[in-house]
Amino acid sequence: MAVTTSYWSWFSDRPSVHLVIADEREFMAVVRRYRVRWAALPTSRLVEFAARYPDGRLPAALVPDHADPERDVTVFAVREMLSPASTAPRGAR
């Protein structure tokens, strides 16, 4: 997942999908459909992107992995977010 998909597809030699601005449910639907595992976003625009999401923050599924300040990029691992009911011990549901 990226903003400049053509660059990241070339760089990683893999398909890429544009950053989706939507509520958590719709964001995760795209993540699942395209099997997104990584997101590379411009560090200088993270606040701008976060402001566009509900609650004014990036989706919880985006977990920072590392940043490269020289190239203005922050790489996030994209994690499947489980609902509280799905994390409860068996028999507790």
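Odds and ends about this structure:
- Compactness of the chain as Cα Rg over 2.2 N^0.38 Å, two decimals: 1.18
- Each Lys and Arg Cβ is given +1 and each Asp and Glu Cβ -1; about its Cα centre, the chain then shows a dipole of about 500 debye.
- For the chain, accessible area per residue (1.4 Å probe, heavy atoms of protein chains only), Å²: 70
- Distances between placed amide hydrogens fall under 5 Å for Asp65 paired with Val75, Phe76, Ala77, all partners being 5 or more residues away or on another chain.
- Seen through its C-alpha gyration tensor, with square-root eigenvalues sorted a ≥ b ≥ c, the range 1-54 comes out oblate because a/c lies at 1.5 or above while a/b is not bigger than b/c.
- Ordering Leu58, Ala39, Phe27 by Cα displacement along the dipole of the chain toward the positive end leaves Phe27 in first place; charges were set at the Cβ atoms of Lys, Arg (+1) and Asp, Glu (-1).
The values are calculated or read from the model by the stated rules, or taken from the named source; none is laboratory data. Computed from a predicted model, the values in this text were never measured in an experiment. Heads up, the Cβs are rebuilt from the backbone with ideal geometry, glycines too, and the neighbour counts pull from every protein chain shown. Heads up: the accessible areas ignore ligands, DNA and RNA and are worked out on the full protein's heavy atoms, side chains in. Shrake-Rupley method; radii C 1.70, N 1.55, O 1.52, S 1.80 Å.
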